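Here is the structure we will look at, set down as structure tokens.
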Amino acid sequence: MLIDSFTIIAQIINFLILVYLLKRFLFNRIIKIMDDRENQITDQMQDAETAKEAAQKELEEQRRIREELQEKWNEMLAQAKKDAQKKREELVKDARKKIDEEQKNWSEAILKQRTAFLRDLRHLSCEQVCQISRKVLSDLAGEKLENQLIENFLVQLGKLSKKEKADFVQFINKDERKILVNSSFRLTREKESEIRKTLEDIIDGQVEINFKVSSELICGIEARTEGKKISWNIENYLDGLEEQLKKAFTEISFQELDAGKKEK
């Protein structure tokens, strides 16, 4: 087979022309399209990576927010439990305090009522004893006792000091020199004379003296003028005894009250 050099050279030239034309009109466009596509894919991959990173960051942010919310919720729940426990303790404490106060007030009221009852009972007993004593002495009063009472009264008049006599005279002068002698029993004329003489000696002069039986006196006798009196009366002793008994019973009541408070 013969090889034609001209033909070969012509084909080579045609091939080169074809290559040139392809490169000029087609290959560069294909390369450009491929580069553009590659750049587009690269951009998309970068965008995807950026989106992935953003999504990861968003996910982490959401996780952080959720953890913070959970932590705050736990703190709020713990604080709520703590506040509820504290409130419960305060309510229990207040309730116990109120119960203790009511119990204390109730105990004090009971103790005061008991003390008042015992005090009244003791005072009543004291008054009853004194009343019985007055009744007994009144019933037992006789001539011998009456004479002794008069003697004691005259002795008491004789023991008056100068000041007591002066005061008595001063009140007599204010009362138009009148004296009323009261007695729990009727005096004999002889005893009236003795009393009159003793009073006139004290006053150093004559005065108007009236004698009267008084049911208010118990085994006693008194010389009275306006604002002043001199007396010897068993009633006075009984009154003093009654006051002493009441005072003693009152002190016992206070001691019992203090003892009751200490027991609580």
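So is E192 closer than 18 Å to L149 by Cβ and without any contact (Cβ under 8 Å) to a residue 24 or more places away in the chain or not? So E192 fits the description; yes. For region 196-218, indicate whether the set of residues that are surrounded by 17 or more Cβ atoms within 10 Å (Cβ to Cβ), at pLDDT below 85 and among the aromatic types (F, W, Y) is non-empty. Checked region 196-218: no residue is surrounded by 17 or more Cβ atoms within 10 Å (Cβ to Cβ), at pLDDT below 85 and among the aromatic types (F, W, Y). Filtering D175, D120 for residues that are modelled with pLDDT under 80, in contact with a strand residue (DSSP E or B) (Cβ under 7 Å, 6 or more places away or on another chain) and more than 13 Å from I230 (Cβ to Cβ) leaves a single hit, D175. In the set (1) buried (at least 17 other Cβ atoms within 10 Å of the Cβ); (2) at pLDDT below 75, the condition left unmet by K261 is number (1). Tell me whether region 41-57 contains one or more residues that are at pLDDT 85 or above, surrounded by 10 or more Cβ atoms within 10 Å (Cβ to Cβ) and hydroxyl-bearing (S, T, Y). Scanning region 41-57, I find at least one residue that is at pLDDT 85 or above, surrounded by 10 or more Cβ atoms within 10 Å (Cβ to Cβ) and hydroxyl-bearing (S, T, Y), so the answer is yes.
Taking first residues from region 1-30 that are touching a residue at least 24 places away in the same chain (Cβ under 8 Å) and partners that are surrounded by 10 or more Cβ atoms within 10 Å (Cβ to Cβ) and outside any helix (DSSP H, G or I), no Cβ contact under 6 Å between residues at least 6 apart in sequence or on separate chains turns up.
The values are calculated or read from the model by the stated rules, or taken from the named source; none is laboratory data. In this text the structure is predicted, and so the values were computed from the model without any measurement. Neighbour counts are summed over all protein chains in view; Cβ atoms, including those assigned to glycine, are modelled from backbone coordinates with ideal geometry.
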